[in-house]
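Throughout, read-outs are computed from the coordinates displayed, never taken from laboratory work. Because the structure is predicted, anything quoted here is derived from the model rather than measured.
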Amino acid sequence: MGEQPERPQIGGPAVVVEDVSMSYTVRTSAPGGRGLAVRARNRLFGKREKVEALRGVSLVARQGEFVGVIGANGSGKSTLLRLIAGVERPDNGRILARRQPTLLGVNAALQPALSGSANVRLGCLAMGMSPRQAASVHEEVVRLSALGDAINRPMGGYSSGMASRLRFAIAVAARPKILLIDEALSTGDATFAQRSEEAMDAMLAEAGTVFLVNHAAKVIQELCTRAIWMHAGRIIMDGDAETVAEKYRWWSWNVAKGETEVANKLLTQAVDEGSMQEVRVVEDPAFERKSPRHAARNRYTNGYRPAAVWPGPTPTPSGKPGFVETDILPVISEVSVHGQPRSATSRER
Amino acid sequence: MSTTHTFDPETARNAVSVPSWALGPVGSRLPLGTYIEQLWKRRHFVLAESRSKIAGTANRNLLGYGWLILNPLLNGLGFYVVFGVILQTSRGIENFVGYLVIGVFFFQLSMRCVTGGTQAIRNGRPMIRAFAFPRAALPLTVVVREVLNFVPTFAVLIAVLAVLPPAENITWRVILIVPAFICQTLFALGCAFFLARLGHILPDISNLVNVLARFWLYASGVFFSIDRFVDHPALQTVMKMNPMYSYLHLYRDALLYGVDSPVWMWLLAVGWAFVFVIFGFLFFYRGEESYGRAA
């Protein structure tokens, strides 16, 4: 860690989250005993409660940005990341991305019965690599994971730190342009922290975008350029990592100490001061492909970007042969993004 | 307005225009053509995943891959004792041992595809959460795995037929088991697609499927002849519409008796296969966006 490397230029939008909300319906069990009748009643007619995980979240993340997401447990951080990854669809709003984002979650063991090495191969193939490509990145993945001989042991026996190291290494092998890390790195040790940081810096330098969810404000301050503080499904602050993380740290310290009054004051202060980007995706009818644009015709005949080309000697920007992009993201039409920070108080409904 | 923002308000106020190839919706279903193309790209994944599942199961057992041979053998033996020796359903059936093993072995293939397909999404959750790929690869993996599993079973089948008398009437028709097998596999694949989505929507289905599969086993003429035990003509017709009945009959005619099967049976076999695989796939595809969500 220590001295910060020169941060890359911030480029165009990589991820656009437009007024997204998400809720889950869960069955709540009414208290009142554990008798069979009560349980049967709960099961059939139990109260269904709506848990709002996200209530209108907007943001634009740009290429080369390292966005930290902090907040208390249950504030919607992981949900946001799952939605950006496309694992789930939001109830309202929409999410656009430049490339298919890669999610690194906490449930790291892929196929517990298989060795780490076999999991590497499976993961690469699942991302759409050919066996040859998977073989060519294999060594790099094993090196980055720094697992040593453990790579040949079944993944089910890995510690959570080891498993998340391997998952990180597999994800990076596909050269993702957008990487979403859900506390997966917090279990790694110092060696791995060093290597993963290098890998992420390389990604950012290639105009990649990284989202990092972490509880520790310190980690966010050290790694990120920008931080988003989420609370109860809303973004209450969005800005410079140092500032936001510092405010969050104060708040959470007070909460932990039981100083609810101070904490609440800090929170209101943060809400007042903080802001969320207001994002509006504008589909410009002028750009629709009705007009015969000569370049457009063979570029995307069916409205979809052609698949990443492989095999071929085309060198990737990094100059490392063997790395490939795997992508299944369809592309819609011309959009423009209006992004503007807006005070949190003004959007209270 | 906040000053802590890295986002430059100047650029923010002016709309940022993004070229049309740059931004796409995340997590939405691909159009059918692209979807199939992406699925085809994952063929190596499907194969590797199927093999790893087999290896994973084998490694847990002391006898390992030996169970791939022992399991069908013991199963066949069990059914032979109950139906051949105790219940004597064998009367009127020529070469009952062959009749029985073909029925039991081939039926098990379908049954395992169906029960495995129902749980394909649940079992594949770690992969779904980790990687972006067409989810149809998961039920497909189940069927490919069962087909690979069937290879040693088929060897056992041939060995049993060769060793135990009476001798089969071997003709050129033996090769007809290949198209019949393709049809049965497609049919099973369609079932797997169909039940994979149903099982995701309602996990309780997997219990029901186990019970229904047992009914199906008895209704398919695996160890007795439908003609002998079912008198009611309407019921008999319904039972004969059952695709598994046709598949088993086709195998027996080709492998055991060396006679031509009726044309309607072939039509049923091919028809069911395509209807199931096409509609099953489309049904699964329509639910593509929902599979990441825990049901």
- Item | Global geometry of the range A:190-249, whether rounded, prolate or oblate, following the gyration tensor of its Cα atoms and the 1.5 cut on a/c | prolate
- Query: If each Cα of the range B:224-282 is one equal point scatterer, what is log10 of I(q)/I(0) from the Debye formula at q = 0.30 Å⁻¹?
  - Reply: -1.20
- Which whole-number value in Å³ per residue fits the convex hull of the alpha carbons of the range B:53-171? 135
- Mean Cα-pair separation over length for chain B, i.e. relative contact order, pairs under 8 Å, 6 or more apart, %: 26
- So the compactness index of chain B, its C-alpha Rg divided by 2.2 N^0.38 Å, takes the value 1.26
- Task: Return the subset of A:K77/B:K41; B:K41/B:K240; A:K218/A:K265; A:K177/A:K265 for which the Cα-Cα distance in this structure is over 29 Å, preserving the input order.
- Result: A:K77/B:K41; B:K41/B:K240; A:K177/A:K265
- Task: Assuming a ≥ b ≥ c are the square roots of the Cα gyration tensor eigenvalues, decide whether the range B:89-131 counts as rounded (a/c under 1.5), prolate (otherwise, with a/b larger than b/c) or oblate.
- Result: prolate
- Note on the structure: When chain B is treated as a Gaussian network with springs between alpha carbons less than 10 Å apart, the largest mean-square fluctuation among B:A48, B:A136, B:A213 is found at B:A48
- Karplus 3J(HN,Hα) series, Hz, for the range B:277-287 with 6.51 cos²θ - 1.76 cosθ + 1.60 (x for Gly, Pro): 5, 6, 5, x, 5, 5, 4, 5, 4, 5, x
